[in-house]
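Accompanying notes for the structure given below.
The values are calculated or read from the model by the stated rules, or taken from the named source; none is laboratory data. What you see is a predicted model; the values in this text were computed from it and never measured. Cβ coordinates were reconstructed from backbone atoms using ideal geometry, including for glycine residues, and neighbour counts include every protein chain displayed.
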Amino acid sequence: MTEQTTQTPPPPAEQQRDQGTKPLPATERDFHSHSRTSSPGFRIAIVIGIIVLLVVGFFIYRYLTSYESTDDAQIDGYINSISSRVSGHVIKLAIRDNQYVQAGTLLVALDPTDYQVAYNRAKANFEDAEAAALAAGVTVPVTDVNTSSQVSSAQADIESARAGILAAKQQYEAAKAELQEAEANNFKAQNDLERYRQLISKQEISQQQMDTATAAAKASAASVAGAKAGADAAQQQVTAAQSKLVQAEAAWRYANTAPRQMQISRARAAQAEAQVQRTKQELDQADLNLQYTKIIAPVIGEVSNRTVEVGQNVSPGQELMKLIQLDDVWITANFKETQLKNMRVGQRVTISVDANGREYKGHVDSIAGASGARFSLLPPENATGNYVKVVQRIPVKIVLDPGENNDHQLRPGMSVEPKVWIR
């Protein structure tokens, strides 16, 4: 009998290795595939993969929705236009193109000769006006004292004139009384002389008595003439005293114009003071014009767009150069209106600069009150029949954090890409 040996079939893996690339039957292959997908480890791996994808997708979504960015943004800054305030001839140019200057640095010097002459003339006029005002000011108290004394003196003269009139009238009355007495005595003496003449013709009296009567008559006639002259003189004294009264009253009326004289004196002093102020303003203006011949930098910045040269004649308001303030720049970013929903003032910003590849830090300073289209020369008119909605852009001002631009690499007009972190 031939001995038969029983061989155990190799396991499927070993059998497959032994068979090389010979594929398994379809039923066996499906069995193995189904066994792998239905195993618990495979299912756990699928779940973990899905969770990982969801977590990664969530963080990517969170990152992409945590900021708003735009490429329509530029560096902005203050650009000061430097111009002359007076006309003149340029004699010195103290700066170069693109030179960084401090505030107060001399930029351009104009010929100061004409303005120096005008200043000297204005100074002389001012000093002359000051002297005139000083004299007018001294005149006021002097006039006050003089007018006051004139009033007092005029009043005293009036009283004296009135007293003189009274005394003159009394003297006149006394003179008239003396005249009357002399006339009476003369009348008696003349009558006595006439009787003595009749008696002497009859020789009833002596010649001596006749001579005595004649002398008495002549004396009394002389007395009458003297008394009459005294009365006339007394009357003239009354007239003179009355004239003095008239003069005293005229002087008193003139002295009573003292308030008007004081007003005139004070008005002249005020006019002189006003003249001082006017000439002082002219002097100050001349001094300013002389200072304006030196054009200095009003702020810190970099000189750009220089158009002035030595020997050029400039006029007031003519632009000579521009001064860029590199220490105070900001970003104007034009965001779509759909991007402003969660944007707020104070949110931090990351700014990417194309020129140097650096990133700068800043924050939102303000949001413009209107879209950029409203600030254009010809704003769009939407009240038409064929209206197409266009997403508008709103300017947003972004300010750099302190110290970010100490090297002055950011220049107005540069393109930047800001990211506003809204979360």
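Can we say Ala129 is surrounded by fewer than 17 Cβ atoms within 10 Å (Cβ to Cβ), at pLDDT 75 or above and in contact with a helix residue (DSSP H, G or I) (Cβ under 9 Å, 6 or more places away or on another chain)?
Working: surrounded by fewer than 17 Cβ atoms within 10 Å (Cβ to Cβ): no; at pLDDT 75 or above: yes; in contact with a helix residue (DSSP H, G or I) (Cβ under 9 Å, 6 or more places away or on another chain): yes.
When the stated conditions are applied, Ala129 does not pass them.
Return the residues of segment 168-189 that are under 22 Å from Ala241 (Cα atoms) and surrounded by 16 or more Cβ atoms within 10 Å (Cβ to Cβ); say none if nothing qualifies. Full working, then the answer.
So the first thing to find is which residues in segment 168-189 are under 22 Å from Ala241 (Cα atoms), and the list is 168-179.
Of everything in segment 168-189, those that are under 22 Å from Ala241 (Cα atoms) and surrounded by 16 or more Cβ atoms within 10 Å (Cβ to Cβ) turn out to be Ala168, Lys169, Gln171, Tyr172, Ala175, Lys176, Glu178, Leu179.
So Gly403 passes all but one of these: (1) at pLDDT 80 or above; (2) surrounded by 10 or more Cβ atoms within 10 Å (Cβ to Cβ). Which condition number does it fail?
(2)
Would you mention how many residues in segment 292-318 are among the hydrophobic types (A, V, I, L, M, F, W, C) and farther than 20 Å from Asn98 by Cα?
Within segment 292-318, the subset among the hydrophobic types (A, V, I, L, M, F, W, C) is 295-297, 299-300, 303, 308, 310, 314.
This time we only want the ones that are farther than 20 Å from Asn98 by Cα, so: 314.
Selection size over segment 292-318: 1.
List the strands (runs of 3 or more DSSP E) that sit entirely inside segment 277-342 and contain at least 2 residues that are out of contact with any Gly (no Cβ under 7 Å at 6 or more places or on another chain) and within 30 Å of Val420 (Cβ to Cβ).
Fully inside segment 277-342 and qualifying: 301-304, 319-336.
What number of residues in segment 343-377 are within 17 Å of Asp72 (Cβ to Cβ), in contact with a Ser or Thr (Cβ under 9 Å, 6 or more places away or on another chain) and in a loop (DSSP other than H, G, I, E, B)?
Total satisfying the criteria: 3.
Could you tell me which numbered condition Glu173 fails, if it satisfies all but one of (1) acidic (Asp, Glu); (2) at pLDDT 75 or above; (3) outside any helix (DSSP H, G or I)?
(3)
So if I check each of Val52, Val56, Val90, Val47, which one is surrounded by 13 or more Cβ atoms within 10 Å (Cβ to Cβ) and either in a strand (DSSP E or B) or modelled with pLDDT under 95 (or both)? Give the steps one after another, and end with the answer.
Working: Val52 fails: surrounded by 13 or more Cβ atoms within 10 Å (Cβ to Cβ); Val56 fails: surrounded by 13 or more Cβ atoms within 10 Å (Cβ to Cβ); Val47 fails: surrounded by 13 or more Cβ atoms within 10 Å (Cβ to Cβ).
Just a single option satisfies the conditions, and that option is Val90.
For segment 378-423, how many residues are aliphatic (A, V, I, L, M), in a loop (DSSP other than H, G, I, E, B) and over 26 Å from Leu323 (Cα atoms)?
Residues of segment 378-423 aliphatic (A, V, I, L, M): 378, 383, 388, 390-391, 394, 396, 398-400, 410, 414, 416, 420, 422.
Subsequent filtering for residues that are in a loop (DSSP other than H, G, I, E, B) retains 378, 383, 388, 390-391, 410, 414, 422.
Adding the requirement that they be over 26 Å from Leu323 (Cα atoms) leaves 378, 383, 388, 390-391, 422.
Matching residues across segment 378-423 total 6.
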